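See below for the structure under consideration.
The values are calculated or read from the model by the stated rules, or taken from the named source; none is laboratory data. Keep in mind it's a predicted model, so treat the numbers as computed, not measured. Quick reminder, even Gly has a Cβ in these numbers, built from the backbone with ideal geometry, and neighbours come from all protein chains shown. Ligands, DNA and RNA are stripped out before the accessible areas are found, and what is left, the full protein with its side chains, is counted by its heavy atoms. Shrake-Rupley method; radii C 1.70, N 1.55, O 1.52, S 1.80 Å.
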Amino acid sequence: MVSVYDLKTRFQALLRPLVLRLAGWGVTPNAITVLALILSLAVGIWLFLAPECRIVYFAYPVFLFVRMALNAIDGMLAREFEGKTRLGAFLNEIGDILSDAALYLPLGFLPGASPALGSVFVVMAISTEFCGLIPQTQGMSRRYDGPMGKSDRALVVGVFFFVAGIWPGVLPAVNPILAVLGLLCAVTCFRRVEKALQE
């Protein structure tokens, strides 16, 4: 299945000039990882406190794109400029999971939304990350299979908020969207386990 993750190489090429500059300034991958987490917490809290604010609806897709860029940047700094550390491995994975929780839990508190569906989506999103990580503990490769990986979730949620900013009448659709996202995350978990076992 096609995933936004498949565009990673092109995205990294666009970011490379910025990465080179950051490396020259001595910015570490861990600093970028922590920055992404702090910003995710701030934006998630903003939505939770102002669930009917159209400004935050427009800010969400912008930040989700920024977060994807920061995730790519910290990886490039680590791989290409000898910035890998054992602490960084922990920060990267834990930061992604906490950022997902911070950004997506507030979806369940939008007007008319179901907190239960929002929570299920977050649990399944986190499960996809574990299903991608666990194969490494068994000598297999890290799995990034779709259809609903980290980048795919960001794209869907970002588009939803952009549309909601223009037309708030779309907000009641958040519940079926959360249900579909949760289901697709479950499919992603199954595919990652299946692909890992086929190695």
Excluding ligands, DNA and RNA, what is the solvent-accessible area per residue of the stretch 51-116 at a probe of 1.4 Å, expressed in Å²?
48 Å²
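What longest range of the chain stays clear of loop-exposed trypsin sites (Lys or Arg not before Pro) (DSSP non-H/G/I/E/B, at most 15 other C-beta within 10 angstrom)?
On the way: sites that count: LYS84, ARG142.
Answer - 1-83.
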Portion, in percent, of the accessible area of the stretch 28-179 that falls on carbon or sulfur, probe 1.4 Å:
75 percent
Cα gyration tensor shape for the stretch 44-96, rounded if a/c is under 1.5, else prolate or oblate
oblate
Taking the Cα centre of the stretch 1-121 as the origin and placing charges on Cβ (Lys, Arg +1; Asp, Glu -1), which of PHE81, SER114, ALA102 is farthest toward the positive end of the dipole?
PHE81
Assign one of three labels to the stretch 17-66, namely rounded, prolate or oblate, based on the Cα gyration tensor with a ≥ b ≥ c the square roots of its eigenvalues; rounded applies when a/c is under 1.5, prolate when it is not and a/b is larger than b/c, and oblate otherwise.
prolate
Please report how far the C-alpha centroid of the stretch 156-199 lies from that of the stretch 8-64, rounded to the nearest whole angstrom.
20 Å
Using only DSSP helix segments of four residues or longer, with each worth -39500 (n - 2.57), what per-residue ellipticity at 222 nm results for the chain after dividing by its residue count and rounding to 500?
-26000 deg cm²/dmol
Net charge dipole size for the stretch 3-151 [Lys, Arg +1 and Asp, Glu -1 on Cβ; Debye, nearest 20]
320 debye
For the chain, shape from the Cα gyration tensor axes a ≥ b ≥ c, cut at a/c of 1.5 then a/b versus b/c, turns out oblate
